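In what follows, a structure is listed as structure tokens, so that the remarks can point back to it.
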Amino acid sequence: MSTQAISSEAAATANPASFVSSRRWLLWSGIAALCAWVLVPIYLVALGAFGGRQGVYIWPKTGLPTGISLEPFILFLQTEGVVRSFLNSLGAAGITVALSILLGAPAGYALARYNFPGKDSYRLLVLLTRAFPLAILALPLTVSFIRLGLYDTIVGVGLIHTVLALPFAALVTQGIFLGVPKELEEAAWVFGCTRIQAFFKVVAPLALPGIVATAVFAFVISWNEVFAASVLTVRNRTLTAYLLTVLSESPMHYRFAGGLMLILPSVVFIFAVRRYLFAIWGISSK
């Protein structure tokens, strides 16, 4: 052990209160920096959305700006196609979340609880499905969707987004179910529960925070995805695809309003399920 390390350890031992205070200060400084990293961009986007042209170009930015009004954002919402594309995005995200959980959770449970030939290869193949870029699959997907009647539909977009989210949903839920002791299931079997009853009464409640985190991940993937939604839709575009085609020639404050529209639903959704997310780390939300 070096002389410097010994002296540092001796100083920490001699003055433990100062050492704890320093660690606490570093912790809160890191939390403050992380909050600023997340919140400042959202604040600047909101300032541009609600401040109009003046709010976008004013410099330096102030903590409590004047001239903030809902009128620019309301004008953006009244633009033809905005509300419809917003609802389309919600529909596609809802389909993605539902299918990712309904298909990914059983797959993760099977990977966590059962041993079968090719298990490791299967996990690798599940992950490798994300190695194929959508740009390569765009043409065959478009032809297939036209033949199946899914082209330019929200169901078709939701299915593609599910394909993007499902590999991670299966692998993440596998880790969640591995964290639930199998002995608890076996105890439920002893007391007369079937495998299905033991899953829903014992395993599912314990794994619920992780399943909710998987749902958040699937929602964010669907909400932010733009390439497949742009290729596979013409009239029924999602919000990201609509903004990509419309806002390129729009005023800057309209672009900020569109950015805020993309941010808010994800923030609201995560805030609504925060109790389950906090439970993963044992943090109380009350």
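Worth a mention:
- Any hit, the stretch 198-209, residues being modelled with pLDDT under 85, surrounded by 12 or more Cβ atoms within 10 Å (Cβ to Cβ) and under 22 Å from PHE269 (Cβ atoms): yes
- Scanning the stretch 93-108 finds no residues that are more than 23 Å from VAL220 (Cα to Cα) and either without any contact (Cβ under 8 Å) to a residue 24 or more places away in the chain or acidic (Asp, Glu) (or both).
- Residue satisfying all of: in the stretch 109-147; closer than 18 Å to PHE199 by Cβ and touching a Phe, Trp or Tyr at 6+ places or on another chain (Cβ under 6 Å); least open to solvent (accessible area, probe 1.4 Å) among these: ALA112
- Selection count where residues are part of a helix (DSSP H, G or I) and closer than 24 Å to ALA93 by Cβ, scope the stretch 132-154: 11
- Matching option when the condition is hydrophobic (A, V, I, L, M, F, W, C), at pLDDT 90 or above, open to solvent by less than 60 Å² (accessible area, probe 1.4 Å) and in a helix (DSSP H, G or I), among VAL157, VAL220: VAL157
- Close pairs (7 angstrom Cβ cut-off, 6 or more residues apart or separate chains): closer than 24 Å to ALA228 by Cβ and modelled with pLDDT of 75 or more in the stretch 120-135, open to solvent by 80 Å² or more (accessible area, probe 1.4 Å) and of a type in the set (A, V, I, L, M) anywhere: none
- Filtered by the rule that a residue be at pLDDT below 80 and hydrophobic (A, V, I, L, M, F, W, C), the stretch 1-37 gives MET1, ALA5, ILE6, ALA10, ALA11, ALA12, ALA14, ALA17, PHE19, VAL20.
- Counting only residues that are over 30 Å from PHE145 (Cα atoms) and among the hydroxyl-bearing types (Ser, Thr, Tyr), the stretch 159-203 holds 1 of them.
- Among (1) surrounded by 15 or more Cβ atoms within 10 Å (Cβ to Cβ); (2) among the small types (Gly, Ala, Ser); (3) touching a residue at least 24 places away in the same chain (Cβ under 8 Å) - the single one SER230 does not satisfy: (3)
- Some residue of the stretch 89-106 being over 20 Å from THR162 (Cβ atoms), part of a helix (DSSP H, G or I), open to solvent by less than 50 Å² (accessible area, probe 1.4 Å) and at pLDDT 70 or above: no
- Inter-residue pairs, beta-carbon under 6 Å, first in the same structural domain as LEU102 (by the TED database) and in the stretch 212-226, second open to solvent by 10 Å² or more (accessible area, probe 1.4 Å) and β-branched (Val, Ile, Thr), 6+ apart: VAL212/VAL273; THR214/VAL172; ALA215/VAL97; ALA215/ILE101; VAL216/ILE270; ALA218/VAL97; PHE219/VAL97; VAL226/THR240
- Residue check, TYR114 over 30 Å from VAL267 (Cβ atoms) and out of contact with any helix residue (DSSP H, G or I) (no Cβ under 6 Å at 6 or more places or on another chain): yes
- Residue check, PHE73 part of a helix (DSSP H, G or I), within 26 Å of LEU247 (Cα to Cα) and over 19 Å from the mean Cα position of the chain (by Cα): yes
The values are calculated or read from the model by the stated rules, or taken from the named source; none is laboratory data. Worth saying up front: this structure is predicted, and the values here are computed from it rather than measured. Every residue, glycine among them, receives a Cβ derived from its backbone with ideal geometry; neighbour counts consider all protein chains shown. We work out accessible area using only protein heavy atoms, side chains counted, and drop any ligands, DNA or RNA first. Shrake-Rupley method; radii C 1.70, N 1.55, O 1.52, S 1.80 Å.
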